[in-house]
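Computed from the coordinates by the stated procedures, all read-outs in this text should not be read as laboratory data. Nothing here was measured: the structure is a model prediction, and the numbers come from that model. Ideal geometry is used to build each Cβ from the backbone, glycine not excepted, and the neighbour counts take in all protein chains shown.
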Ligand SMILES: NC(=O)c1ccc[n+]([C@@H]2O[C@H](COP(=O)([O-])OP(=O)(O)OC[C@H]3O[C@@H](n4cnc5c(N)ncnc54)[C@H](OP(=O)(O)O)[C@@H]3O)[C@@H](O)[C@H]2O)c1
């Protein structure tokens, strides 16, 4: 495949879109941001922005002339992906990065997440179908596991209240999971677009680390130079509470069940060993628990 230079980003001001857009610019890609007419997102100066209705016709016009498109729209916008993919193919885009940034197409999720999974799969399947009928159109999904530095800071239910220097360790704290930092997520997109042949028509596996809560707690205590207050929690309580909330339509179930999946028995959130992952190909550096702790504490200080 010819070299990818021009890249359109959907969701460029989001949690992951912000670092991805910055990394693409730094890596030398010519970036264009595409955003909704009604969006109140703000974008960095110096990057062209196309504001458009998200119809296939209007999106095709917006995407014409681009080599690749990255879909990093938030969970509430996943239903628009099929239109984005149709427009990308019609516009002659060579690579469409579908919105995964999670656990990949074959993840053994709890049944409560199946509806969300179906929406994502509709986009993967659609991109795959178009890639089979049009060899000039290709797609990639990027599986990241847990967005570790961002998630620790954002969700104290993950066990670490970084401001209060306190932790809840679930069960025995030894269950491991795969994490990718914001830096690693952004580098994954750069890596896919720098290696289009090796990453065509599949989900790649990013990863920065495989780690447990106990190892993270040790590193956070070392990095902060303080002993943290530690309480114990049970993943079975998260499962019970999350399921009750889901059944009665009360919010909060998503996070409780996600944290259950992360730390619950069986280690289902190990997405890839270092060898099985695409981290080397994508040039994502392996990070230690101390690296993660420094990133988390540094972002709180800012
Ligand atoms: N693995 C994990 O634990 C994890 C955690 C967080 C997120 N994720 C996944 O990562 C992806 C990106 O999430 P994020 O948190 O970065 O997203 P986000 O910050 O919530 O949203 C990103 C952008 O999506 C666009 N958007 C929002 N609603 C939309 C709609 N209805 N239609 C079209 N576009 C819409 C907006 O862009 P404009 O305003 O410019 O249009 C918004 O700035 C999602 O697939 C999400 O599920 C995974």
Open item on the list: Please compute, for the alpha-carbon atoms of region 45-97, the extent along each of the three principal axes and give them in descending order in Å.
Closed with: 29, 26, 20
Task: Helix-only CD estimate at 222 nm, as mean residue ellipticity for the chain, using -39500 (n - 2.57) per DSSP H run (n ≥ 4) - done: -12000 deg cm²/dmol
Open item on the list: I want to verify a result. In a Gaussian network model of the chain, Cα cutoff 10 Å, which of these has the top mean-square fluctuation: 263, 16, 43?
Closed with: 43
TODO: Please work out the Kirkwood hydrodynamic radius for region 169-228, using every pair of different C-alpha atoms, and report it in angstroms with one decimal place.
DONE: 13.8 Å
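How big, in percent, is the set of alpha carbon pairs in region 5-97 lying more than 23 Å apart? The partial results should precede the final answer.
Working: 559 of 4278 pairs.
Cα-Cα pairs in region 5-97 separated by more than 23 Å: 13 percent.
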Open item on the list: So if each residue of separation counts as 0.36 nm, and I subtract the Cα-Cα distance between residue 125 and residue 230, what length gain in nm does that give?
Closed with: 33.4 nm
Task: Helix 235-247 vs. the chain, principal-axis angle (Cα, 0 to 90°, nearest 10) - done: 50 degrees
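Above 16 angstrom, tally the Cα pairs of region 184-259 and express them as a % of all pairs, no decimals. Please report the intermediate quantities before stating the final value.
Numbers: 2000 of 2850 pairs.
Cα-Cα pairs in region 184-259 separated by more than 16 Å: 70 percent.
Could you give the Stokes-Einstein D for region 94-176 in µm² per second, using the C-alpha Kirkwood radius, 25 °C, 0.890 mPa s? Intermediate results must be reported in sequence, preceding the final value.
Values: Rh = 15.4 Å.
Translational D for this selection: 159 µm²/s.
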Open item on the list: Please list the three semi-axes, largest first and in whole Å, of the ellipsoid equivalent to the chain, using sqrt of 5 times the eigenvalues of its alpha carbon gyration tensor.
Closed with: 34, 21, 18
Open item on the list: Among 272-285, 148-161, 124-137, 83-96, how do they line up by average Cβ neighbours within 10 Å per residue, starting with the highest?
Closed with: 83-96, 148-161, 272-285, 124-137
- [ ] State, to one decimal in nm, how far the label point of residue 171 lies from the label point of residue 61, with both points 7 Å from Cα in the Cβ direction.
- [x] 5.4 nm
- [ ] Could I have the simple spin-label model distance between residue 106 and residue 1, label points 7 Å from Cα toward Cβ, reported in nm to one decimal?
- [x] 2.1 nm
TODO: For the chain, find the longest principal axis of its Cα atoms and tell me its angle to the long axis of helix 81-90, 0 to 90°, nearest 10.
DONE: 30 degrees
- [ ] Please report the relative contact order for region 157-223, taking Cα pairs under 8 Å with a sequence separation of at least 6, and give it as a percent rounded to a whole number.
- [x] 43 percent
Open item on the list: Compute a Gaussian network model of the chain, connecting alpha carbons closer than 10 Å, and tell me which residue from 111, 75, 196 fluctuates the most.
Closed with: 111
Open item on the list: For a protection proxy built on the mean count of beta-carbon atoms within 10 angstrom, sort 173-179, 205-211 highest first, please.
Closed with: 205-211, 173-179
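Apply the Kirkwood formula to region 106-147: the hydrodynamic radius equals the inverse of the mean of 1/r over all pairs of different alpha-carbon atoms; give it in Å with one decimal.
Values: mean 1/r = 0.0841 Å⁻¹.
After inverting the pairwise mean of 1/r, the radius is 11.9 Å.
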Task: Scattering curve values for region 161-302, log₁₀ I(q)/I(0), Debye with Cα scatterers, q = 0.12, 0.18 Å⁻¹ - done: -0.60, -1.11
- [ ] Report, in degrees rounded to the nearest 10, the 0 to 90 angle that the Cα long axis of helix 253-263 makes with the longest principal axis of the chain.
- [x] 70 degrees
Task: Distance between region 52-107 and region 118-141 - C-alpha centres, whole angstrom - done: 10 Å
Task: Where labels lie 7 Å past Cα in the beta-carbon direction, separation of residue 115 and residue 270 in nm - done: 3.3 nm
